[in-house]
Amino acid sequence: MNDLPYEGFELGPIRPPSEAYSLLLRINRGCGWNKCRFCGFYRNVPFSPRKAEDIKQDIDCVKYWIDVFQGRAEGKRTMTEADQEACYMAYHWLQSGMRNVFFQDANSILMEPEGMVEVLEYLKAAFPQIQRITSYARSDTINRLSLERLRQYRALGLNRFHIGMETGNDHILKLMRKGVTKQVQIQAGQKAMAAGIEVNEFYMPGMGGREYARDSALDTADALNQIGPDFIRIRSMALAENLEMYEDYEKGILTRPNDIETIQEIRLFIENLEGIHSVVDSDHILNILLELRGRLPEDKPRMLGLIDRFLDLPKEQQDVFRLGRRLGVMGELRDLKKPGMVDKVKETMFRAQIDASNLDEVCDKLMIRAIPI
């Protein structure tokens, strides 16, 4: 509950990869929805909004340590465990230039509007140099806020939303208990952009299994074509046994795609993105082609060409690259031209007895280990 006494600076469990150098401020604990069957991040975190006054104390704590590092601090404070977190965060943020802030946990805009305004005003007063403030945002929550309120947030510095579209296919959305429809997501994206807020939409290839891969690619592309977001970020599905959606694979409702099938889905998706000027980025560790990025429409042929290069590789080279990526040995297709890397992966395959018969299973397990889902 939000009536708990202040116990010091707090950090939430996750952030998007693009917020690696941002100051992390926890606006609420957990997820107000917390029903998505593909997500396990907040299952054991009871949802509770934090008080504006507590968040302002977090900001004060970070500012104190920034002042310490810059030789401007007055007085001394006891280094508690929470202060260690704030000290580390302050140092990390100072080294990155103190430009960006990310609000945690999930869907921070659930915060009572007056409290959000208070926090935004306080944050910008403490650090007027901030260029970007970002939050995860659910589509249904965006739609409940007025355009005027969103514009107010934008004027106070909250200028980017990360929205987990995952898919534009209504059947998959219902199956995964996302709690929104394709149309709701389109309306939210359009509304946020009308308010002048940058929109990052996340797409999760593989979520619909082999059965709905084509439908998901086409419906998601159609939804994004109607939104025209600033960024489209690809986040391939990882299927862990602790996720509710795992039941669908055990029951045979869905069949798990491998890396090859997932990249084929991504190709169909990118091929059908039309009439927008979004940046496409594959900036997540779970993706097989991390170098898949570019701006639409001019970079679309290059991105499709990169995918085709991977799909046209001899199977032996595909296998080496897939395992190399999942092991963290390889990062880009050009690494296949580095004999040392190739030999290292091949030696691992030989010693661990990995071949075509078990490669999919091995890669799946390595994906799950890559991220705490």
Some residue of the stretch 253-266 being open to solvent by less than 10 Å² (accessible area, probe 1.4 Å), over 25 Å from Arg138 (Cα atoms) and assigned to a loop (DSSP other than H, G, I, E, B) | yes
Assess whether Leu290 counts as being closer than 28 Å to Phe231 by Cβ, out of contact with any His (no Cβ under 6 Å at 6 or more places or on another chain) and in contact (Cβ under 8 Å) with a residue 40 or more places away in the chain.
-> yes
Neighbours by Cβ (under 8 Å, 6+ apart or cross-chain): first from the stretch 306-323, farther than 12 Å from Ile263 by Cα; second open to solvent by 40 Å² or more (accessible area, probe 1.4 Å) and in a helix (DSSP H, G or I) = Val320/Lys346; Leu323/Thr348
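Table: residues versus (1) farther than 25 Å from Asn159 by Cα; (2) within 17 Å of the chain's Cα centre (by Cα); (3) not aromatic (Phe, Trp, Tyr).
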{"position": "Gly208", "(1), (2), (3)": "yes, no, yes"}
{"position": "Asn225", "(1), (2), (3)": "no, no, yes"}
{"position": "Gly252", "(1), (2), (3)": "yes, no, yes"}
{"position": "Arg256", "(1), (2), (3)": "yes, no, yes"}
{"position": "Glu265", "(1), (2), (3)": "yes, no, yes"}
{"position": "Ser282", "(1), (2), (3)": "no, yes, yes"}
{"position": "Asn287", "(1), (2), (3)": "yes, yes, yes"}
{"position": "Leu290", "(1), (2), (3)": "yes, yes, yes"}
{"position": "Lys300", "(1), (2), (3)": "yes, no, yes"}
Scan the stretch 127-140 residue by residue and report those that are more than 27 Å from Gln70 (Cβ to Cβ) and open to solvent by 10 Å² or more (accessible area, probe 1.4 Å).
-> Tyr136, Arg138, Asp140
Counted residues in the stretch 22-50 being in contact (Cβ under 8 Å) with a residue 60 or more places away in the chain and touching a Leu at 6+ places or on another chain (Cβ under 8 Å) come to 10
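Out of Glu53, Glu85, I need the residue that is touching a Leu at 6+ places or on another chain (Cβ under 9 Å), open to solvent by 30 Å² or more (accessible area, probe 1.4 Å), closer than 25 Å to Tyr42 by Cβ and not in a strand (DSSP E or B). Which one?
Glu85
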Answer from Ile109, Ile142, Ile130 - the residue that is assigned to a loop (DSSP other than H, G, I, E, B), at pLDDT 95 or above and either of a type in the set (Ser, Thr, Tyr) or closer than 24 Å to Ala194 by Cβ (or both) = Ile130
So, first residue of a type in the set (S, T, N, Q) in the stretch 75-98, second residue surrounded by 13 or more Cβ atoms within 10 Å (Cβ to Cβ), Cβ within less than 7 Å, six or more apart or across chains; the pairs are Thr80/Gly8; Ser96/Tyr21
With (1) open to solvent by 80 Å² or more (accessible area, probe 1.4 Å); (2) within 25 Å of the chain's Cα centre (by Cα) as the list, and Leu11 as the residue in question, which single condition is left unmet?
-> (1)
Applying the selection to the stretch 331-354, what residues are assigned to a helix (DSSP H, G or I), aliphatic (A, V, I, L, M) and open to solvent by less than 40 Å² (accessible area, probe 1.4 Å)?
-> Leu333, Leu336, Val342, Val345, Met349
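The values are calculated or read from the model by the stated rules, or taken from the named source; none is laboratory data. Only a predicted model underlies this, so the values are computations on that prediction, with no experimental measurement involved. Using ideal geometry, Cβ is built from the backbone for each residue, glycine included, and neighbour counts are taken over all protein chains shown. Just the protein is used for accessible areas: all its heavy atoms, side chains included, with ligands, DNA and RNA removed. Shrake-Rupley method; radii C 1.70, N 1.55, O 1.52, S 1.80 Å.
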